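Structure, as structure tokens:
The values are calculated or read from the model by the stated rules, or taken from the named source; none is laboratory data. This structure is a prediction, so every number in the text was calculated from the model and none was measured. Here Cβ is always computed from backbone atoms with ideal geometry, including for glycine, and neighbour counts include all displayed protein chains.
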Number of protein chains: 2
Amino acid sequence: MDDVFRKIGSQLTLSQKIERRLEEAIREKKLPIGSKLPTERELCASFGVSRTALREALRRLSARGLVKITKGSGMYVTGLKIDDAIRNLDLYYDMQFDQNLIAQIIQVRRLFEPNIAGLAAIQRNQNDLSDLQDNIEKFKLCDPDNIQLEADLDNKFHLTIAKATRNPIVQISMEPIYSLLPRMRSLIYANVEGEKDHTLEYHIKIFNAINEQNETAATEFMAEHLKRTTDIYKKYLHGAFI
Amino acid sequence: MDDVFRKIGSQLTLSQKIERRLEEAIREKKLPIGSKLPTERELCASFGVSRTALREALRRLSARGLVKITKGSGMYVTGLKIDDAIRNLDLYYDMQFDQNLIAQIIQVRRLFEPNIAGLAAIQRNQNDLSDLQDNIEKFKLCDPDNIQLEADLDNKFHLTIAKATRNPIVQISMEPIYSLLPRMRSLIYANVEGEKDHTLEYHIKIFNAINEQNETAATEFMAEHLKRTTDIYKKYLHGAFI
DNA sequence: TCATTGATATTTGTATTACAAATTTATCAA
DNA sequence: TTGATAAATTTGTAATACAAATATCAATGA
């Protein structure tokens, strides 16, 4: 192939180069998490750049959650938090939000969540159980007209199960999806007849299965629950669907 | 409660406030994707801030992939790309990498991938099939001592299946996990007896099932394949495990 | 000795000015 | 219309100055 006309010069700005250098060092733990970076002035001297360029590089890193900057104190390497890791994912889904994404979300939930419930039934601890029970109680008492609260509680119920797997990857994978549920729900203009009853019934069934550490039952009830959700969206969101 | 002594002042820096304002506007599509932002000078005037503060805000946004800045031209709103969305997730997993994470990865794969293969069997197109077939051919020819290449091909095989679901959420969920496989593999000091044969055998089985659009078979073969992987890691990575 | 206070030094945040470098736009000639 | 050139526009970097938050340390008082 002709490499003659390959892209010329990465065209990285100075501050981008600095950003990469520091990111690399953090990644390789040459700059350990929690350690304090040299002051701006010292870094300027080391890198041989102006304070402007250096600061813009550090703003980038701080925006991504790799360093924390405190006025008067200094700049510190911070391990990426889960929230930092998924923030842009949240934003991505949020901006992609449309009927297509809704269909994809439902599909993924049916693909993943039954097994998640099954694993949760094995791994759950006492704390998870009381969280789930609280959630169910609140859901019972929730004003049927308060769609938003209902959606939030529903969302939280499923997130709690995801966390109960004790596998952070499960949580990370599902959390951005769950955070869209309230928005999905709000598209269904009004209450669906019998919807609350169904949700409550299945949340209780799922809870009982998880409580009894019955993996199979938890898996199956979750699958049935999500099947029903699919039907509702199919009905009320007439459009190209799964 | 005494609210008298509650935390005072959000302590957001000026540039952080600017960042949020612009992010909000982009999120709400008041600033549509592709649109050109006013020049730095104009924005400084609008916001009533210095160029320093404004620029640092925009560096933050550009670091996150929300705006693209071109010297001499201007600043443009860009839709978040998938790569932007998962870059920090990759970094997060990369920095978390340890035996625990390996165990969690394997667990998640066993949880999710069988159903993914099942869906892929339904949704796959001709292109996917030839990609998979190519992959298998290369795997056959791959030098058994070239562990890295073998791991890359294995990685790619599974990613291709994830993409074949035609569901980007599946892809986004799995890609950061797959990208860690080569690193995991490198921990197993040498070739595992019969490992390549097994992988090849099951990749072929899975391929055939997907080719024939046999959802059940694809699901089950993938489950068996991953069970075997688990056993290997259990054996060679003696330590606390699933 | 210990805790509190207050002054001082250190460090990051913002503003301003100046110029460099890349791109875009306008101008003009063929 | 096309193409080249010049001018204007726009972002990138540097340097300086000061504000504001924090950290450090000495002095004070019980």
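Of A:Met184, A:Met222, which residue is over 22 Å from A:Ile86 (Cβ atoms), touching a helix residue (DSSP H, G or I) at 6+ places or on another chain (Cβ under 7 Å), assigned to a helix (DSSP H, G or I) and of a type in the set (A, V, I, L, M)?
A:Met222
Sort out which residues of the stretch B:69-82 are within 16 Å of DNA strand C (Cβ to nearest atom) and in contact with a helix residue (DSSP H, G or I) (Cβ under 7 Å, 6 or more places away or on another chain), and write them in order of number.
Answer for the stretch B:69-82, where residues must be within 16 Å of DNA strand C (Cβ to nearest atom) and in contact with a helix residue (DSSP H, G or I) (Cβ under 7 Å, 6 or more places away or on another chain): B:Ile69, B:Met75, B:Val77.
Run down B:Leu132, B:Leu141, B:Leu80 and say which single residue is crowded, with 19+ Cβ neighbours inside 10 Å and without any contact (Cβ under 8 Å) to a residue 24 or more places away in the chain.
Sole residue among the options that is crowded, with 19+ Cβ neighbours inside 10 Å and without any contact (Cβ under 8 Å) to a residue 24 or more places away in the chain: B:Leu80.
Inspect all residues belonging to the stretch A:91-114 and state whether any of them is away from every other protein chain (no Cβ under 11 Å), away from DNA strand D (no atom under 16 Å from the Cβ), farther than 24 Å from B:Asn115 by Cα and surrounded by 22 or more Cβ atoms within 10 Å (Cβ to Cβ).
Checking the stretch A:91-114: not a single residue is away from every other protein chain (no Cβ under 11 Å), away from DNA strand D (no atom under 16 Å from the Cβ), farther than 24 Å from B:Asn115 by Cα and surrounded by 22 or more Cβ atoms within 10 Å (Cβ to Cβ).
On the given criteria, is A:Phe47 within 30 Å of A:Tyr178 (Cα to Cα) and either surrounded by fewer than 20 Cβ atoms within 10 Å (Cβ to Cβ) or not polar (S, T, N, Q) (or both)?
So A:Phe47 does not fit the description; no.
For the subset of the stretch A:12-44 comprising residues that are within 9 Å of chain B (Cβ to nearest Cβ) and more than 16 Å from B:Arg59 (Cα to Cα), which member is surrounded by the most Cβ atoms within 10 Å (Cβ to Cβ)?
Ranking the candidates gives A:Ile26 first.
Kindly indicate the residue of the stretch B:46-60 that is of a type in the set (A, V, I, L, M) and near DNA strand C (Cβ under 10 Å from one of its atoms) and also nearest to A:Ser15 (Cα to Cα) among those meeting that condition.
Once the filter is applied, the top-ranked residue is B:Ala57.
Which pairs do you get when a residue that is more than 8 Å from chain B (Cβ to nearest Cβ), found in the stretch A:45-62, comes within reach of a residue that is of a type in the set (Asp, Glu) and within 11 Å of DNA strand C (Cβ to nearest atom), reach meaning Cβ atoms under 8 angstrom, with the pair 6+ apart or on two chains?
From residues that are more than 8 Å from chain B (Cβ to nearest Cβ), the pairs are A:Arg51/A:Glu40; A:Leu54/A:Glu40; A:Leu58/A:Glu40.
Where residues in the stretch A:48-65 are in a loop (DSSP other than H, G, I, E, B) and near DNA strand D (Cβ under 9 Å from one of its atoms), which of them is farthest from B:Glu19 (Cα to Cα)?
So the residue we want is A:Gly48.
With the requirement that a residue be within 19 Å of B:Ile122 (Cα to Cα), within 12 Å of the chain's Cα centre (by Cα) and β-branched (Val, Ile, Thr), what does the stretch B:140-175 give you?
B:Ile169, B:Val170
Output the residues belonging to the stretch A:11-42 that are charged (D, E, K, R), assigned to a helix (DSSP H, G or I) and away from DNA strand C (no atom under 11 Å from the Cβ).
A:Lys17, A:Glu19, A:Arg20, A:Arg21, A:Glu23, A:Glu24, A:Arg27
From (1) in the same structural domain as A:His158 (by TED's automatic domain parsing); (2) within 14 Å of DNA strand D (Cβ to nearest atom), pick out the condition that doesn't hold for A:Lys68.
The number of the failed condition is (1).
Which of the numbered conditions does B:Ile86 fail, given that it passes all the others? Conditions: (1) within 20 Å of B:Pro176 (Cβ to Cβ); (2) away from chain A (no Cβ under 11 Å); (3) touching a residue at least 40 places away in the same chain (Cβ under 8 Å).
Unmet condition: (2).
Any idea which of B:Ala85, B:Ala63 is within 16 Å of DNA strand C (Cβ to nearest atom) and within 20 Å of the chain's Cα centre (by Cα)?
One residue alone meets the criteria, B:Ala63.
All but one of (1) assigned to a helix (DSSP H, G or I); (2) modelled with pLDDT of 95 or more hold for A:Arg166; which doesn't?
Status for A:Arg166: all satisfied but (1).
Go through the stretch A:63-77 and give me each residue that's away from chain B (no Cβ under 11 Å) and either β-branched (Val, Ile, Thr) or in contact with a Cys (Cβ under 7 Å, 6 or more places away or on another chain) (or both).
Answer for the stretch A:63-77, where residues must be away from chain B (no Cβ under 11 Å) and either β-branched (Val, Ile, Thr) or in contact with a Cys (Cβ under 7 Å, 6 or more places away or on another chain) (or both): just A:Val67.
Is there a residue in the stretch A:5-23 that is touching a Leu at 6+ places or on another chain (Cβ under 7 Å) and away from DNA strand D (no atom under 13 Å from the Cβ)?
Yes, that holds for at least one residue.
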